[in-house]
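The values are calculated or read from the model by the stated rules, or taken from the named source; none is laboratory data. Only a predicted model underlies this, so the values are computations on that prediction, with no experimental measurement involved. Cβ placement follows ideal geometry from the backbone for every residue including glycine, while neighbour counts extend to all protein chains displayed. Heads up: the accessible areas ignore ligands, DNA and RNA and are worked out on the full protein's heavy atoms, side chains in. Shrake-Rupley method; radii C 1.70, N 1.55, O 1.52, S 1.80 Å.
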Amino acid sequence: MNLRITLLSIAGLVFLGGCQPCPEKFVSTEMLVAEYNANASRVPRLWARARIRVTFSDEKGRSISWGSASPLAAGNAILLLDKGAGSSSPTDFVIVGKEITELFRMGTDSANGLYYCWVNLGNQGKAWFGRTKFAGAPGVKAIPLDPLQLLEILGVTELPEVQAGAMPAVVMTLQQKPCAYVVRYLKPQPISGHLKIWREVYFRWSDTEPRRPYQIKLYDADGLCRVVAEVSDYKPVATDTDGEGPIMPTDIRITFPAIKNVQPASSLHMRLSEMSTIKRFSNKAFDFQSHLPPGIANPVMVDANCENK
């Protein structure tokens, strides 16, 4: 009998140990967003080396993979970012994957108001582009690897300040199992003007761990979850400014789930290193048209239906 009681007591302790309650204390939405933005604002420009493993499917279900994100692999991509002159300026961003020659690019071209992705693997060359002002508008087709989505995952672009009646806006809820601050980003949809939830950022809610994002979910205008990203291994970014330096996730695992008649399945695993706000580069790197390989004809305009709107 005593043995049975002892075993039940041990089982109860194990059960309780696996279901620890969430902390009693928590911060406000204003404080959480302010902390996040303070870090993001310390990265006006960024140069980073990347190791990338990318897998995507075409309309016929054929899967294509390239690269490696292994810590033992050599870098096979460069990531560049420039936020422009002020907080209201559009952000330029590009990832360039290469071996001997460039094999893919995905980025934003603020000078021409575009976002784009092209792939040139063997005889599988293809390109997609759209206008940033129509991103998320009704009827806009999906890009296999959307740079606007990836940009939101890096953790170095600011969230909207918490202000009454302002748009875009963020709202926060507290989640249990697991314990997390969940920040949702709301913005009216282009053309329709309907208010939509586009992004959920999950922050650690813990007495022992920093309040940093660990998961990001991105949604489309219909409410479908189009992207799930797991981010971890935060490391400092080299900078020449005084005071506390910025940090960012360096292990980024992104899944684009297959959604019938919406998007094929794809994934991207990226490990960053040598992150720097100091290293110089030319902003010509962000231009879409000048870097498009001559072998890719007729890029797909994903928002062609918005031409006259």
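Quick one: in segment 106-124, which of the residues that are touching a residue at least 24 places away in the same chain (Cβ under 8 Å) and open to solvent by 30 Å² or more (accessible area, probe 1.4 Å) is farthest from residue 248 (Cα to Cα)?
124
Residues checked against (1) under 30 Å from residue 125 (Cα atoms); (2) open to solvent by 70 Å² or more (accessible area, probe 1.4 Å); (3) not in a strand (DSSP E or B); (4) not polar (S, T, N, Q):
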{"position": "22", "(1), (2), (3), (4)": "no, no, yes, yes"}
{"position": "26", "(1), (2), (3), (4)": "no, yes, yes, yes"}
{"position": "53", "(1), (2), (3), (4)": "yes, yes, no, yes"}
{"position": "70", "(1), (2), (3), (4)": "yes, no, yes, no"}
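Residue by residue through segment 295-306, note down the ones that are open to solvent by 30 Å² or more (accessible area, probe 1.4 Å) and either modelled with pLDDT of 85 or more or within 20 Å of the chain's Cα centre (by Cα) (or both).
298, 299, 300, 301, 304, 305
If you check every pair at least six apart or on different chains, which have Cβ atoms under 8 Å apart with a residue in segment 31-46 that is charged (D, E, K, R) first and a residue that is surrounded by 18 or more Cβ atoms within 10 Å (Cβ to Cβ) and not in a loop (DSSP other than H, G, I, E, B) second?
Correct list of pairs: 45/81; 45/82.
Filter segment 245-278 down to residues that are without any contact (Cβ under 8 Å) to a residue 24 or more places away in the chain and over 21 Å from residue 215 (Cβ atoms), then give me how many there are.
Total meeting the criteria: 2.
For (1) crowded, with 17+ Cβ neighbours inside 10 Å; (2) assigned to a strand (DSSP E or B); (3) hydrophobic (A, V, I, L, M, F, W, C), each residue gets a yes or a no:
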| residue | (1), (2), (3) |
| --- | --- |
| 170 | yes, yes, yes |
| 173 | no, yes, no |
| 177 | no, no, no |
| 181 | yes, yes, no |
| 185 | yes, yes, no |
| 192 | no, no, no |
| 203 | yes, yes, yes |
| 206 | no, no, no |
| 210 | no, no, no |
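Can you name every residue in segment 140-157 that is surrounded by 15 or more Cβ atoms within 10 Å (Cβ to Cβ) and assigned to a loop (DSSP other than H, G, I, E, B)?
140, 142, 143, 144, 145, 146, 154, 155, 156, 157 - these are the residues of segment 140-157 that are surrounded by 15 or more Cβ atoms within 10 Å (Cβ to Cβ) and assigned to a loop (DSSP other than H, G, I, E, B).
Considering only residues that are of a type in the set (A, V, I, L, M) and without any contact (Cβ under 8 Å) to a residue 60 or more places away in the chain, which ones fall in segment 137-179?
Result: 148, 164, 166, 167, 169.
Give the number of residues within segment 239-285 that are surrounded by 14 or more Cβ atoms within 10 Å (Cβ to Cβ) and small (Gly, Ala, Ser).
The number of residues fulfilling the criteria is 6.
Identify the single condition in (1) touching a strand residue (DSSP E or B) at 6+ places or on another chain (Cβ under 9 Å); (2) at pLDDT below 90; (3) hydrophobic (A, V, I, L, M, F, W, C); (4) within 24 Å of residue 201 (Cα to Cα) that residue 19 does not satisfy, given that it satisfies every other one.
Of everything listed in (1) touching a strand residue (DSSP E or B) at 6+ places or on another chain (Cβ under 9 Å); (2) at pLDDT below 90; (3) hydrophobic (A, V, I, L, M, F, W, C); (4) within 24 Å of residue 201 (Cα to Cα), residue 19 misses just condition (1).
Within segment 134-164, can you find the residues that are charged (D, E, K, R) and closer than 28 Å to residue 42 by Cβ?
Correct list: 146, 152, 158, 161.
Residues of segment 92-139 being in contact with a Gly (Cβ under 8 Å, 6 or more places away or on another chain), at pLDDT 90 or above and not in a strand (DSSP E or B), which ones?
Scanning segment 92-139 gives 110, 132, 133.
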